[in-house]
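The values are calculated or read from the model by the stated rules, or taken from the named source; none is laboratory data. Given the structure is predicted, the values throughout are model-derived calculations rather than measurements. Reconstructed Cβ throughout: ideal geometry from the backbone, glycine too, with neighbour counts over all protein chains shown. Surface areas here come from the heavy atoms of the whole protein model, side chains and all, with no ligands, DNA or RNA. Shrake-Rupley method; radii C 1.70, N 1.55, O 1.52, S 1.80 Å.
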Number of protein chains: 2
Amino acid sequence: MSHSYEHPRPALAVDCVVFGLDENGLQVLLVERGVAPFKGRTALPGGFVRLDETLEEAARRELEEETGLGAKVFLEQLYTFGDLHRDPRERVVSVAYYALVKLSDHRVRAATDASAAAWFRLGDKPQLPFDHEQILRVAKARLQAKVRYQPLGFELLPPRFTLAQLQSLYEAVLEKPVDKRNFRKKILSMELLEETGEREEGVSHRAARLYRFDRKRYVALEKAGVNFEL
Amino acid sequence: MSHSYEHPRPALAVDCVVFGLDENGLQVLLVERGVAPFKGRTALPGGFVRLDETLEEAARRELEEETGLGAKVFLEQLYTFGDLHRDPRERVVSVAYYALVKLSDHRVRAATDASAAAWFRLGDKPQLPFDHEQILRVAKARLQAKVRYQPLGFELLPPRFTLAQLQSLYEAVLEKPVDKRNFRKKILSMELLEETGEREEGVSHRAARLYRFDRKRYVALEKAGVNFEL
DNA sequence: CTCGGATAGTGTGAAAAGTACACTAACCAT
DNA sequence: ATGGTTAGTGTACTTTTCACACTATCCGAG
C-alpha cells in the first residue's frame with residue numbers, strides 16, 4: 001500500500017530515553033535494533049508515529065513493544081531533533097521523550113525479554129547510532145536540571161523508600177555528594193513525604209523508616225505556586 | 001508533482017511565537033493567514049518544513065517570509081504539538097519555536113508589511129485558530145520561567161538601554177513589580193552589563209546611564225557554571 | 001550476652017542572600 | 001528660581017544556606 005502527498009514529507013519518529021536507578025547509579029534502557037539501518041546495533045527504543053496516535057501515545061506504544069514497559073511510566077517530551085542527515089537513509093525527524101522508571105520493577109523483564117532490551121550504566125554503554133548520543137546528552141542535562149526544582153526523583157524509586165535511598169538518588173543524578181542532615185531537613189520541610197510507620201527489613205543494622213511520596217499534596221502545593229528547589 | 005511513501009506520514013510544520021516589548025508591555029507578533037484552513041484569520045506565523053532544511057531553518061524562513069524578521073533573532077525550540085485534530089483537515093504535527101526581538105527595530109516593518117503582520121498585546125488579541133492559544137500559553141510560561149535564570153531579557157531591548165528599561169522589562173514579563181534598589185544591586189553584581197559611558201538623551205529629567213549587555217562575558221561565566229537567577 | 005560493625009537519626013552557629021524601605025541628585029521646562 | 005520627574009544610592013532585618021560530629025539502634029559473631 002502506498003500513500004501520496006502533493007509535497008514531500010519527512011518521516012516522523014519518536015525516540016525514548018528511559019532512565020532507571022539501582023545501586024550502581026543511573027542507568028539507561030537500550031534495545032538491539034531489529035531493522036535497518038543499524039540493524040543489530042544497540043540504540044534508543046523508538047519508531048515511527050502512526051496517523052491515529054498522538055506523539056506521546058506513539059512513545060508509549062514503542063516502549064511497550066520494545067521494552068515491555070507499561071503505560072503508567074513517567075514520560076515527558078524532551079526535544080525534537082531534525083538535522084538533515086541524522087538518519088542516513090532518508091529525512092527523519094524525531095520527537096524525543098524521556099522516561100523515569102523504578103528499575104526494581106523492570107529489571108527482570110528487560111533482562112529476559114525477547115526484544116533484547118537491557119540496562120546500561122551511562123558510563124559503560126556502546127556507542128549509539130543516529131544522533132542518539134546527542135539525544136542522550138540532552139536527556140541527561142534535562143534530568144539534572146529538572147530534578148532540582150521538581151520532585152521527579154520519586155519516579156525512580158519503589159513506592160516506599162528510605163531517606164538514604166532518596167539521597168543517593170539525588171547524588172547519582174546530580175553526580176555530587178549531598179550533606180545528609182541538610183538534605184533531610186530540606187526534603188522533609190517540603191512536606192511531600194509521608195511516613196508509612198513501617199521500617200526497613202532484613203538489614204543487619206538499625207532499620208530506617210520507610211516513606212511514601214504524597215502525590216496529592218504535591219499537586220496541591222504546586223498549584224499554590226510553592227517552590228521545590230533542592 | 002506527487003510524492004509516495006509506503007506508510008502514511010503526518011505533515012510536519014513549524015509555528016513561531018514572536019515576543020516583543022514596548023511601553024505597553026509584552027506583545028506578540030501575529031499574521032493574517034493567506035491560505036486555508038482559517039484563511040483570513042489571525043494566527044501564529046508558521047508553515048510546512050521542507051526536506052532540505054532543518055527545523056530551525058524552517059522556522060527562520062517562515063519568519064522572514066511572513067513577518068520580514070531577519071535571520072539573527074533569538075530563536076529557540078519550545079515544544080512539539082501533535083494532537084490528532086489540531087488541524088481540522090489532516091494530521092499535522094507542529095514544532096513550535098519562540099523568538100525574542102527588539103520591538104523598536106521591527107515596529108515599522110511589521111506595520112507596513114504586505115504580509116499583514118502586526119503586534120498584539122497579550123491581553124488584547126483575537127482568538128487564535130488551531131491550537132495556537134495553547135502554544136502561546138506554553139510559550140509565555142516558558143519565557144517567564146526562563147527569564148529568571150537566563151539573561152534572555154536583553155534580546156528584547158535595544159543594544160543600549162537604561163537600568164529602568166531593563167527593570168520594566170522584567171516587570172512586564174514576570175507581571176509583578178520589582179524593587180528598584182535590589183534589582184540594580186542584583187543585576188550589576190552579575191557583571192554582565194557594561195557601562196557605555198553615554199547617557200539618555202532628550203528626556204526632561206535627569207538622564208540615565210546607558211548600559212550594554214556583555215555577551216562574551218556571559219558566555220564565559222555560563223561555561224564556568226555561574227548562576228544567573230534573578 | 002556483649003561487643004563490634006554498620007547505618008539511622010538529630011542540632012547549632014556562622015555566612016550569605018534576600019527583602020523592605022526613603023532620601024538626595026540631576027536635568028528640563030515653565 | 002522653582003516644580004516636576006526620574007536617576008541613583010545604603011542599611012538593618014530576616015531568611016536561607018552551609019559546614020560539621022555525635023548518639024541510637026539493630027544484627028551477627030564470638
Q: Scan B:R61, B:R9 and give me the residue that is under 26 Å from A:R91 (Cβ atoms), among the basic types (K, R) and at the interface with another protein chain (Cβ under 10 Å from one of its Cβ atoms).
A: B:R9
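Test A:L69 against the criterion of being open to solvent by less than 20 Å² (accessible area, probe 1.4 Å), more than 14 Å from every other protein chain (Cβ to nearest Cβ) and within 21 Å of the chain's Cα centre (by Cα), and give yes or no.
Values: open to solvent by less than 20 Å² (accessible area, probe 1.4 Å): yes; more than 14 Å from every other protein chain (Cβ to nearest Cβ): yes; within 21 Å of the chain's Cα centre (by Cα): yes.
Taking the combined requirement at face value, the residue satisfies it.
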Q | Subset of segment A:189-202 (residues that are surrounded by fewer than 17 Cβ atoms within 10 Å (Cβ to Cβ) and not in a loop (DSSP other than H, G, I, E, B)) | A | A:S189, A:E194, A:E195, A:T196, A:G197, A:E198, A:R199
Q. Restricting the search to segment A:190-229, which residues are within 12 Å of DNA strand D (Cβ to nearest atom), more than 14 Å from every other protein chain (Cβ to nearest Cβ) and under 18 Å from A:E155 (Cβ atoms)?
A. A:M190
Q: Considering only segment B:36-53, state which residues are in contact with a strand residue (DSSP E or B) (Cβ under 9 Å, 6 or more places away or on another chain) and over 24 Å from B:G123 (Cα atoms).
A: B:G47, B:F48, B:V49
Q) List the pairs whose first member sits in segment B:203-216 and is more than 19 Å from B:K102 (Cα to Cα) and part of a loop (DSSP other than H, G, I, E, B), whose second member is within 16 Å of DNA strand C (Cβ to nearest atom) and of a type in the set (A, V, I, L, M), and whose Cβ atoms are under 9 Å apart, counting only residues at least 6 apart or on separate chains? A) B:A208/B:L163; B:A208/B:A164
**Q.** Residues of segment B:89-117 that turn out to be modelled with pLDDT of 75 or more and closer than 21 Å to B:F48 by Cα, as a count
**A.** 13
Q.
Could you check segment A:167-188 and list, in sequence order, the residues that are more than 10 Å from DNA strand C (Cβ to nearest atom) and in a helix (DSSP H, G or I)?
A. A:L169, A:Y170, A:E171, A:A172, A:V173, A:L174, A:K186, A:I187
Q: Identify the single condition in (1) within 14 Å of DNA strand D (Cβ to nearest atom); (2) closer than 18 Å to B:G20 by Cα; (3) out of contact with any strand residue (DSSP E or B) (no Cβ under 7 Å at 6 or more places or on another chain) that B:F183 does not satisfy, given that it satisfies every other one.
A: (2)
Q. Which condition does B:A145 not pass, out of (1) within 16 Å of DNA strand C (Cβ to nearest atom); (2) loosely packed, with under 13 Cβ neighbours inside 10 Å, if it passes all the others?
A. (1)
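For (1) open to solvent by 10 Å² or more (accessible area, probe 1.4 Å); (2) within 16 Å of B:V101 (Cα to Cα); (3) more than 14 Å from every other protein chain (Cβ to nearest Cβ), each residue gets a yes or a no:
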residue: B:H3; (1), (2), (3): yes, no, no
residue: B:V17; (1), (2), (3): no, yes, yes
residue: B:G20; (1), (2), (3): no, yes, yes
residue: B:L30; (1), (2), (3): no, yes, yes
residue: B:R33; (1), (2), (3): yes, no, yes
residue: B:T42; (1), (2), (3): yes, no, yes
Q: Test each condition in (1) at pLDDT 95 or above; (2) part of a strand (DSSP E or B); (3) out of contact with any Cys (no Cβ under 8 Å at 6 or more places or on another chain) for B:Q127 and report the one that comes out false.
A: (2)
Q: Identify the single condition in (1) surrounded by 14 or more Cβ atoms within 10 Å (Cβ to Cβ); (2) within 16 Å of DNA strand D (Cβ to nearest atom); (3) touching a residue at least 24 places away in the same chain (Cβ under 8 Å) that B:L103 does not satisfy, given that it satisfies every other one.
A: (2)
Q: Hey, can you tell me all the residues within segment A:121-138 that are surrounded by fewer than 16 Cβ atoms within 10 Å (Cβ to Cβ), farther than 13 Å from A:Y98 by Cβ and charged (D, E, K, R)?
A: A:R121, A:D124, A:E133
Q: With the condition kept exactly as written, say whether any residue in segment B:159-176 is more than 14 Å from DNA strand D (Cβ to nearest atom), open to solvent by 30 Å² or more (accessible area, probe 1.4 Å) and without any contact (Cβ under 8 Å) to a residue 40 or more places away in the chain.
A: yes
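Between B:R50, B:R86, which is modelled with pLDDT of 95 or more and closer than 19 Å to B:P129 by Cβ?
Numbers: B:R50 fails: closer than 19 Å to B:P129 by Cβ.
Just a single option satisfies the conditions, and that option is B:R86.
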(Q) When you scan segment A:169-192, do you find a residue that is of a type in the set (S, T, N, Q) and outside the structural domain of A:V18 (by TED's automatic domain parsing), even just one? (A) yes
Q.
Can you go through B:R89, B:R50 and tell me which one is more than 10 Å from every other protein chain (Cβ to nearest Cβ) and open to solvent by 10 Å² or more (accessible area, probe 1.4 Å)?
A. B:R89
**Q.** Those residues of segment B:72-86 which are within 14 Å of chain A (Cβ to nearest Cβ), in contact with a strand residue (DSSP E or B) (Cβ under 8 Å, 6 or more places away or on another chain) and in a loop (DSSP other than H, G, I, E, B), in sequence order
**A.** B:G82, B:R86
